[in-house]
Each structure stands twice: as structure tokens, then as C-alpha cells.
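Presented below is the structure to which this report refers.
The values are calculated or read from the model by the stated rules, or taken from the named source; none is laboratory data. The shown structure was predicted, so the numbers you read here are calculated from the model rather than taken from an experiment. A quick note on method: Cβ atoms are made from the backbone with ideal geometry, for glycine too, and the neighbour counts reach across all protein chains shown.
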Amino acid sequence: MEIIAEVGLNHGGNLNKALEMTRVAKECGASIVKFQFYYTDVLCVNRNCFDAYKLLDKIRMRPQWIPILADECKQQGVEFLCTAFCKYSIETIAPYVQRFKIASPEVANLEFVKHVASYGKPLILSNGKITLEGLEKIFDVVSVPISILLCVSKYPAAIGEYDLTDIHKLKKHFKCPVGLSDHTQGLSLSIKAAEMGADIIERHFMTDKSAVDVAVSLMPNEFLKLTDIIRRKNGN
């Protein structure tokens, strides 16, 4: 069972805080610590989010952080993972990641997914913005290993918006690892997903309530409780 602590942008643009969050996430049972990296101008063009430009630019991860955070993850014994949102950000993080995470909006862009796959590293895809048919097209043209995360692209999402039976259905259909990117509040959905055979659980992680993703993030005591329950029930 892989458990991802999604630091994302919850470091608020502070490298020291990002490093500390990496260490705390490890202490709380994470096996993977994930960040988000983008070039603000490109992200805002692609996603039409110019209203949030100043905030996104302020809290972004800087390129020079990447080797520092990757090294910290190595020292802590966790995998460094980073979502990137365009070909330029993919090129920047490629030397430092074992695999690529692609967020729901970008998964729906087949040409982008093909470009990321051209680096020859495994992919983790969130399915919040793509149909089953869209996923099939990806599997038809991409030869690298793929994992799928069941996702609802709302912050927060309601538990009832997730259908955890899709974990088994997607596993059977694509013959690949399937997990959960949980945007709900509380622990119950993640625990249930693990019980139903999820291979990966991804949760947003924060160390204080100033986090930009506070509505869907777990504090360290909550994250530790989640990892303890999941690993006790799954034996790993």
C-alpha cells in the first residue's frame, strides 16, 4: 500500500516549510511526498486562471527547490513525487522523479499525456476530468506502466460523489494499480477504499491551518491516524 502525502502548495512558497513538511509527513507514515510545480504564466494560460495569478505566483514551488526537496525525500526514505502541468515543468522535474503524476485536467489532454510518457517513466493519472473512453485512448497509445487514481475534482468533495466500486472495475478493465485521490473531509472514505483493494491512497497534507488547501488537507495527527489504520488493516 502506497500512501501519498500531498504537500502540494501548502508550503505557501516557503522552502524551509516544504522541507519540514516532508520530514513530518514521513513521521506520519507517508511513503511518498508529493508537490506541485508549474510556471505561473503557462499554467494560467492553459487553465484560464488569471484571477488567481498573484496567489499562484506567490505560493509556487521554485525550480531551484526541486533538487533540494528530492534530496530531502531521499534522506527521509520516501519517494519524491511532483505534479507538473506543462511540458516545460515536466522537463524541469524529470531528472528527479521516478514517475510522473498528472492531475485530472491535464489527463484529459491526450497529447500532453503522450508527451509525458515519452520520458519512459511510469505515470499516475487522476481520473476526475476524463471518461472511461478517454482512459482507453491513453492505454492504447502509451506503453509505460500506468496507475489510476479515482478522483472527484472538487475541494471539498462529498463522500457520495465517489463510487468506490470503480476501484475494482478499473483494475479489472485496465489490469493496472488503482487507488484513491481523496478530496473529502475526514478519514472514512480513504479507509474504506483501502479495505476495497486500493493500491494507493493520496491525501492532502498540512502542518497548520494557513494551508491553501485547508478544506481537504489532514493535520499530522489525522494523517498518522489514517496511515496507522490502513497499515494495520492491510498488514503493510
For this session: Test V116 against the stated conditions and say whether it is out of contact with any Leu (no Cβ under 8 Å at 6 or more places or on another chain), over 23 Å from Y162 (Cβ atoms) and either assigned to a helix (DSSP H, G or I) or of a type in the set (S, T, N, Q) (or both).
Result: no
Problem set entry | Selection from the stretch 22-70 of residues that are touching a strand residue (DSSP E or B) at 6+ places or on another chain (Cβ under 9 Å), hydrophobic (A, V, I, L, M, F, W, C) and more than 15 Å from S89 (Cβ to Cβ) | V24, A25, C28, A30, I32, V33
Exercise. What residue, of S181, S190, is part of a strand (DSSP E or B) and modelled with pLDDT of 95 or more?
Worked result: S181
For this session: Select from the stretch 147-175 the residues that are surrounded by 14 or more Cβ atoms within 10 Å (Cβ to Cβ), more than 20 Å from E2 (Cα to Cα) and of a type in the set (G, A, S) and list them in ascending order.
Result: S153, A157
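Return yes when I229 is hydrophobic (A, V, I, L, M, F, W, C), surrounded by 13 or more Cβ atoms within 10 Å (Cβ to Cβ), outside any helix (DSSP H, G or I) and at pLDDT 95 or above and no when it is not. Can you show your working first?
On the way: hydrophobic (A, V, I, L, M, F, W, C): yes; surrounded by 13 or more Cβ atoms within 10 Å (Cβ to Cβ): yes; outside any helix (DSSP H, G or I): no; at pLDDT 95 or above: yes.
Here the answer is no, as I229 does not meet what is asked.
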Exercise. Here are some conditions: (1) under 19 Å from E79 (Cα atoms); (2) in a helix (DSSP H, G or I). K121 meets all but one. Which one does it not meet?
Worked result: (2)
For this session: Search the stretch 110-132 for residues that are on the phi > 0 side of the Ramachandran plot and pair each with any residue that is among the β-branched types (V, I, T) when their beta-carbon atoms are under 8 Å apart and the residues are at least 6 apart or on different chains.
Result: G120/V144
Problem set entry | Pair list, Cβ < 8 Å and 6+ apart or interchain, from the stretch 208-219 residues that are in a loop (DSSP other than H, G, I, E, B) to residues that are among the polar types (S, T, N, Q) | A211/N10; A211/S217; V212/N10; D213/N10; M219/T207
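Would you say A103 is surrounded by 17 or more Cβ atoms within 10 Å (Cβ to Cβ), touching a strand residue (DSSP E or B) at 6+ places or on another chain (Cβ under 6 Å), of a type outside the set (S, T, N, Q) and closer than 19 Å to V214 by Cα?
Numbers: surrounded by 17 or more Cβ atoms within 10 Å (Cβ to Cβ): yes; touching a strand residue (DSSP E or B) at 6+ places or on another chain (Cβ under 6 Å): yes; of a type outside the set (S, T, N, Q): yes; closer than 19 Å to V214 by Cα: yes.
Judged against the criteria, A103 is a match.
Could you list all residues from the stretch 40-54 that are touching a residue at least 12 places away in the same chain (Cβ under 8 Å) and either surrounded by fewer than 18 Cβ atoms within 10 Å (Cβ to Cβ) or over 18 Å from the mean Cα position of the chain (by Cα) (or both)?
In the first step, residues of the stretch 40-54 are kept if they are touching a residue at least 12 places away in the same chain (Cβ under 8 Å); the result is 40, 42-44, 46-47, 53.
Selection gives T40, V42, C44, N46, R47, Y53.
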